Amino acid sequence: MIERILSMKQFQTWAEVDLDAFHSNLDLYRDLSHKTVMIVVKANAYGHGDAYMSRCANTWGYDHFAVSSLEEAIHLRNNGVTGMILILGAIIPGLAHVAIQHDLSVTVPSMEFVTELYEDLHGLKCHIKVDTGMNRIGFHDADEIREAIKILESRGASVEGIFSHYATADEPEKPMMNTQFLKFRETVNSLDHSFRYIHMANSDGVFHNPDETFTNMIRPGIGLYGYADHPDLKPVLSLYSSLTLVKKVHAGETVGYGASYTASHDEWIGTMPIGYADGWDRKNASRYVSVGGEICPFAGRICMDQSMIRLPYEIPVHTPVELFGKDIPLTVCAKELDTIPHEILCRIAERIPRFYTSAKKTVHLSEERFHYDL
Ligand SMILES: Cc1ncc(COP(=O)(O)O)c(C=O)c1O
């Protein structure tokens with residue numbers, strides 16, 4: 001089926017997800033940290049496709065996952081993902097029974113959360129969140145945590161983990177990371193409770209943090225997709241479109257909405273079916289793409305579903321165009337857009353099909369909606 005789809009050139013815009021790169025990044029984190037890797041697959045696995053990436057990880061022997069919401073967690077379970085799924089965000093306490101039904105682990109973010117839970121908590125798996133400086137969610141006070149654990153356990157919940165989160169892991173020169181770690185260690189040690197999982201480091205935290213032996217689990221996200229401070233990490237996703245139309249535009253003519261681009265001489269303009277509804281930000285209008293290694297600037301504004309580029313000469317219709325990947329690294333793209341790779345990746349729209357490759361062969365195509373008879 002996949003070979004047929006590819007041979008029919010069914011898609012004009014697509015993402016390629018390199019499973020071998022993902023697998024290699026995962027193994028790198030496991031081998032360097034010697035800790036259990038909890039794979040952060042929130043936000044559709046940073047745009048890579050949460051269910052499929054998680055199922056692949058399952059087959060490679062990884063079985064701990066983190067998402068942001070109850071809905072993301074249920075989606076993974078409904079799609080055959082096995083092992084621990086921790087919801088990092090604060091769920092609505094009244095929905096704790098749904099977490100139990102799907103065997104999900106929840107974050108306990110505050111005393112208010114605990115008091116809003118119902119009486120019988122048998123089957124509920126909890127990880128206590130300690131706020132060591134992010135000031136997002138989590139407990140500040142060890143006495144309060146002690147009290148929360150007492151209530152949770154007396155009602156039948158299992159407090160299996162405790163964790164915190166670094167605010168500046170990608171800026172190791174700042175002292176905050178160390179301060180946060182010391183606060184976390186002191187808090188956990190003062191609780192006199194045995195936790196099965198103790199975790200703090202995100203992707204860069206693993207490379208920069210001092211918690212060598214205190215924690216036994218790590219929570220990398222962006223690094224698994226290729227972007228953190230280690231030279232052996234491999235980018236996983238590349239984004240492509242193609243030329244649907246190529247036309248000559250004469251000197252003085254304009255291109256696109258607002259007529260913001262005027263051709264100074266006769267030139268070739270190519271149109272691609274990708275726009276801001278696909279997650280391709282309008283700020284890209286000042287940037288460029290790669291057509292067979294040739295750098296081509298955008299012409300005019302990015303439309304909702306299409307955009308236009310300036311070609312150096314007439315290039316055949318259907319020629320693939322790289323938006324980021326081998327020729328244009330995502331890190332460069334992110335820098336030029338004054339953002340971070342996370343944001344660009346997780347904004348790639350659902351309507352863009354993801355092709356999963358291994359050993360340079362397509363092994364899977366995302367989502368049922370892209371599978372139809374030709
Ligand atoms: C609580 C928590 N842990 C881990 C991560 C993963 O972070 P990163 O993608 O920087 O590795 C995130 C991401 O924002 C997070 O919020």
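The values are calculated or read from the model by the stated rules, or taken from the named source; none is laboratory data. All values derive from a computational prediction rather than experimental measurement. Note that each Cβ is placed from the backbone with ideal geometry, even for glycine, and that neighbours are counted across all protein chains shown. Just so you know, the surface numbers come from the protein's heavy atoms only, side chains and all, with ligands and any DNA or RNA stripped out. Shrake-Rupley method; radii C 1.70, N 1.55, O 1.52, S 1.80 Å.
Here the Gaussian network model covers the chain, with springs between Cα atoms less than 10 Å apart; of 184, 113, 163, 113 fluctuates the most. The mean accessible area for residues of the stretch 245-374, using a 1.4 Å probe and ignoring ligands and nucleic acids, is 52 Å² per residue.
Expressed in nm to one decimal, what extension gain is obtained for the pair residue 77 and residue 189 from 0.36 nm per residue of sequence separation less their Cα-Cα distance?
On the way: separation 112, 0.36 × 112 = 40.32 nm, distance 3.37 nm.
Going from the current span to full extension adds 37.0 nm.
Here the translational diffusion coefficient of the stretch 19-224 follows from Stokes-Einstein with Rh set to the Kirkwood radius across Cα pairs; for 10 °C and 1.306 mPa s it amounts to 93 µm²/s.
Could you tell me which of the pairs 125/150; 234/283; 42/174 are separated by over 18 angstrom between their Cα atoms in the structure shown? Please report the intermediate quantities before stating the final value.
On the way: 125/150 14 Å; 234/283 26 Å; 42/174 27 Å.
Table pairs above 18 Å Cα-Cα are 234/283; 42/174.
Just to be sure I understand: of the beta bridges DSSP finds with both ends in the chain, what percent are antiparallel, rounded to 5? All intermediate terms of the calculation are to be shown ahead of the outcome.
Details: 30 of 58 bridges.
Antiparallel: roughly 50 percent of the beta bridges in the chain.
Taken along its principal axes, the alpha carbon cloud of the stretch 237-370 reaches lengths of 46, 32, 27 Å, longest axis first. Computed with a 1.4 Å probe over protein heavy atoms only, the accessible surface of the stretch 19-224 comes to 40 Å² per residue.
Residue 112 sits among other residues whose Cβ lies under 14 Å from its own Cβ, and their net charge, with Lys and Arg +1 and Asp and Glu -1, is -4.
Taking all C-alpha pairs of the chain, those more than 25 Å from each other amount to 59 percent.
Paramagnetic label reach from residue 31 (point 7 Å along Cα→Cβ; backbone nitrogen cut-off under 20 Å): within the stretch 192-207, residues 203-207. Computed from label points 7 Å out along Cα-Cβ, the spacing between residue 171 and residue 295 is 2.9 nm.
Over the stretch 19-224, what percent of the accessible surface lies on carbon and sulfur atoms, probe 1.4 Å? Summing carbon and sulfur atoms, their accessible area is 49 percent of the total for the stretch 19-224. Full extension of the segment from residue 234 to residue 264, taken as 0.36 nm per residue of separation minus the current Cα-Cα distance, would add 6.7 nm.
Listed by chain and number, the lysines whose alpha-carbon sits under 23 Å from that of residue 247, ignoring those within fewer than 8 places in the same chain, are 9. Computed on the Cα atoms alone, the convex hull of the stretch 158-315 gives a volume of 172 cubic angstrom per residue.
Here the label points at residue 361 and residue 304, each 7 Å from Cα along the C-beta direction, are separated by 4.1 nm in the simple model. Residues considered: 151, 218, 274. Largest GNM mean-square fluctuation over the chain, using C-alpha springs under 10 Å, is found at 151. Computed over the chain with a Gaussian network model linking Cα atoms closer than 10 Å, the most mobile of 216, 189, 58 is 189.
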